[in-house]
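Step one of this worksheet: look at the structure below.
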Amino acid sequence: MIVIKKAGPENIYSIQSLAEVTWPIAYGSILPQQQLRYMLDLFYSKAALEEQMLQKGHQFIIAFDNDEPAGFAAYSPKSIADNNTWRLHKLYIDPNQQGKGVGKILLDHILSAIKPQGATALELNVNRHNKALGFYQKTGFVITGEEDIDIGNGYFMNDYVMEKSLSPA
């Protein structure tokens, strides 16, 4: 049975471990190994995760299957001034847990948390070649644009911007 729990700084090691397992599968055929390592260090260092949790207001959740971390997600309002549009920053599932509905359970949990707060849309960025694109389209997200984001060190994230319209709670 999948159980969703709110995550905080005490869960950073679990989040890092899941990222180390999921990223090579998600991006190994898309990004050069050096960029993959650079991005993991940039986004998943202890300092980076603490900043996301404690300063940027990203709410992390972890899905557990029989007390073992199976996946995680992070989300927040798009801006302090706009509580209508929310951002899905991260959604990664342990490769051994994929295909079991864990991603959908995490997404549904987020939707049920943000709708009562006035959310009318959930948006995200996804690499244009990431196989997760199909998952997002299947769950109601549509492509609204493209972005090439300079993340330093000569690397770019080549993403689609996607949005899911939400009916009021």
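The values are calculated or read from the model by the stated rules, or taken from the named source; none is laboratory data. Computed from a prediction, not measured in an experiment: that's the story for all the values here. Here the Cβ is made from the backbone with ideal geometry for all residues, glycine too, and neighbour counts use every protein chain on show.
List the strands (runs of 3 or more DSSP E) inside the stretch 1-102, counting only whole elements, that have at least 3 residues being in contact with a His (Cβ under 8 Å, 6 or more places away or on another chain) and surrounded by 15 or more Cβ atoms within 10 Å (Cβ to Cβ).
Numbers: elements: 2-7, 59-65, 68-77, 85-93.
Once the strands (runs of 3 or more DSSP E) in the stretch 1-102 are filtered for at least 3 residues that are in contact with a His (Cβ under 8 Å, 6 or more places away or on another chain) and surrounded by 15 or more Cβ atoms within 10 Å (Cβ to Cβ), what remains is 68-77.
Please specify each residue of the stretch 154-166 satisfying the condition of being loosely packed, with under 12 Cβ neighbours inside 10 Å and either in contact with a helix residue (DSSP H, G or I) (Cβ under 8 Å, 6 or more places away or on another chain) or touching a residue at least 12 places away in the same chain (Cβ under 8 Å) (or both).
Step one: list which residues in the stretch 154-166 are loosely packed, with under 12 Cβ neighbours inside 10 Å, which gives 154, 165.
Result: Ser165, single match.
Pairs under 9 Å by beta carbon, first residue closer than 18 Å to Asn127 by Cα in the stretch 88-106, partner part of a loop (DSSP other than H, G, I, E, B) and among the hydroxyl-bearing types (Ser, Thr, Tyr), six or more apart or different chains?
Filtered contacts from the stretch 88-106: Gly103/Thr139.
Considering only residues of the stretch 148-169 that are of a type in the set (Ser, Thr, Tyr) and more than 18 Å from the chain's Cα centre (by Cα), which is modelled with the highest pLDDT?
Narrowing the stretch 148-169 to residues of a type in the set (Ser, Thr, Tyr): 155, 160, 165, 167.
From what is left, the residues that are more than 18 Å from the chain's Cα centre (by Cα) are 155, 167.
Working: Tyr155: 94, Ser167: 78.
By that ranking, first place goes to Tyr155.
Which pairs turn up if I take residues in the stretch 23-42 that are farther than 16 Å from Tyr92 by Cα and free of Cβ contacts under 8 Å to residues at least 60 places away in the same chain and look for partners that are exposed (fewer than 13 other Cβ atoms within 10 Å of the Cβ) and among the aromatic types (Phe, Trp, Tyr) with beta carbon separation below 6 Å, at least 6 apart in sequence or on another chain?
none
Could you check how many residues of the stretch 119-153 are of a type in the set (S, T, N, Q), surrounded by fewer than 15 Cβ atoms within 10 Å (Cβ to Cβ) and assigned to a strand (DSSP E or B)?
The total comes to 1.
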